[in-house]
Amino acid sequence: MKVYAFQNHSLVLYKNSSFTYSSPVQKGGLYRVPVNYIRRNLPKLNEWKNSKYFSASENSLSVSMVYTTEKLDHWLLEQSVDKKLIRCVSAVFDACKEIAYKIRTASCNKIACFNDFGDEQLAIDVLADKVIFENLENSGVVSVASSEEVPREQKLKGSGFSVAFDPLDGSSIIDTNFAVGSIFGIWPGDKLVGMKGRDMAAAALVVYGPRTTISLALKDIEHVHEFTLVDDFSARHGQWVHTNEFHSIEEGKLFAPGNLRAIQDNAGYSSLIQFWLNEKYQLRYTGGMVPDVNQILVKGRGVFCNPASASAKAKLRLLYELAPTAFVVEKAGGKSSDGKQSVLDIIIQSTDQRSQVCYGSAGEVERFEEYVGLKVLSGASV
């Protein structure tokens with residue numbers, strides 16, 4: 001992509017000739033000029049490079065993200081996303097907005113939450129589960145939904161898509177005020193079991209941290225697109241705006257190792273950890289898979305893994321966590337593996353199916369397969 005200067009604004013041109021157009025930061029935010037304004041006031045696309053409207057210099061972007069601040073609904077329409085899928089995705093975003101507010105305003109311990117008046121409420125993960133189901137039901141386009149809280153396929157009144165989700169990944173660390181997240185996988189049709197991750201129409205990783213963000217991957221749209229919830233009491237308060245685009249995960253010395261107990265009887269994992277330490281990798285691990293994987297998208301480098309062993313068996317579920325996350329990572333230019341193959345190629349045989357996993361750059365995932373693989377898991381549940 002290229003960035004050109006136009007009357008103190010920036011115009012980002014992509015290889016497919018689409019574009020975004022925005023002004024510099026003003027009062028804490030970016031203002032995006034409507035596409036129709038560009039069409040009225042600029043020459044045709046193939047004449048732009050030689051136009052008097054642009055400065056003589058042009059700058060190539062080497063980073064993995066682009067700021068546009070376009071509203072979610074406008075962005076989905078401009079991408080010509082299927083109308084039913086728009087309704088499904090919008091239901092997910094609406095649910096996450098409500099969850100973000102409840103997480104910020106509730107005082108929680110591991111088993112329950114309390115509101116500002118001290119009244120005990122549902123545990124936050126159960127509350128998140130309820131909010132998501134309500135929004136999916138009201139969308140009218142979801143025929144089947146399944147939550148990790150109640151791992152079974154539940155029929156809803158709509159038709160078009162089936163949605164699997166982890167309502168609050170990392171809920172065990174929410175009392176420490178660490179970042180937590182939600183995970184969504186959206187499949188076409190009316191079933192989840194028997195499908196593969198590669199069959200998904202969309203997937204999303206949600207991070208509830210200092211900012212609330214959703215990294216959205218759509219099957220027919222290139223790359224992964226991040227949307228941020230505006231929470232500044234401005235005119236755009238409560239809106240989701242397009243803030244980042246992730247398109248590459250390169251090699252880089254950043255690692256997030258999960259399930260470290262497995263090194264006791266998984267020699268390959270122990271050797272892999274030692275390799276990272278010897279090579280002076282940066283350790284960046286919070287204990288929440290969503291923020292730990294999301295940092296790889298944002299940084300554009302690194303590796304996350306959660307291997308298993310005979311004594312420290314796999315805990316992450318393929319349907320609710322691993323497949324949707326793999327869909328996002330691979331759309332962003334990274335790789336995934338269970339030690340042998342892409343997570344997206346594993347058939348989902350049950351809602352409780354579990355696996356070890358690795359996400360990251362191509363080189364790091366290949367190293368995981370070489371060191372860990374599946375060879376030491378004869379006694380583990382994978």
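Laid out as a table, the results:
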item	result
The one condition in (1) open to solvent by less than 60 Å² (accessible area, probe 1.4 Å); (2) at positive phi; (3) modelled with pLDDT of 95 or more; (4) not hydrophobic (A, V, I, L, M, F, W, C) that Lys280 fails to fulfil	(1)
Whichever residue in the range 159-198 is surrounded by 23 or more Cβ atoms within 10 Å (Cβ to Cβ) and of a type in the set (S, T, N, Q) and, among such residues, is farthest from Leu218 (Cα to Cα)	Ser182
Count of residues meeting criterion [in a strand (DSSP E or B) and over 10 Å from Ala164 (Cα atoms)] in the range 132-153	3
Single residue of Gly288, Gly268 found to be farther than 17 Å from Ser361 by Cα, under 16 Å from the mean Cα position of the chain (by Cα) and buried (at least 16 other Cβ atoms within 10 Å of the Cβ)	Gly288
Residues of the range 207-220 that turn out to be more than 16 Å from Leu72 (Cα to Cα) and buried (at least 24 other Cβ atoms within 10 Å of the Cβ), as a count	2
Segments classed as strands (runs of 3 or more DSSP E), wholly inside the range 189-302, with at least 3 members that are of a type in the set (A, V, I, L, M)	202-208, 212-218
Number of positions in the range 221-236 that are in contact (Cβ under 8 Å) with a residue 12 or more places away in the chain and either surrounded by 24 or more Cβ atoms within 10 Å (Cβ to Cβ) or not β-branched (Val, Ile, Thr) (or both)	11
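The values are calculated or read from the model by the stated rules, or taken from the named source; none is laboratory data. Note that the structure is a prediction, hence the values are computed from the model and not measured. Because the Cβ atoms are built from the backbone with ideal geometry, glycine has one as well, and the counts that use them run over all protein chains shown. Side chains are part of the model used for accessible areas, which takes the heavy atoms of the whole protein and leaves out ligands, DNA and RNA. Shrake-Rupley method; radii C 1.70, N 1.55, O 1.52, S 1.80 Å.
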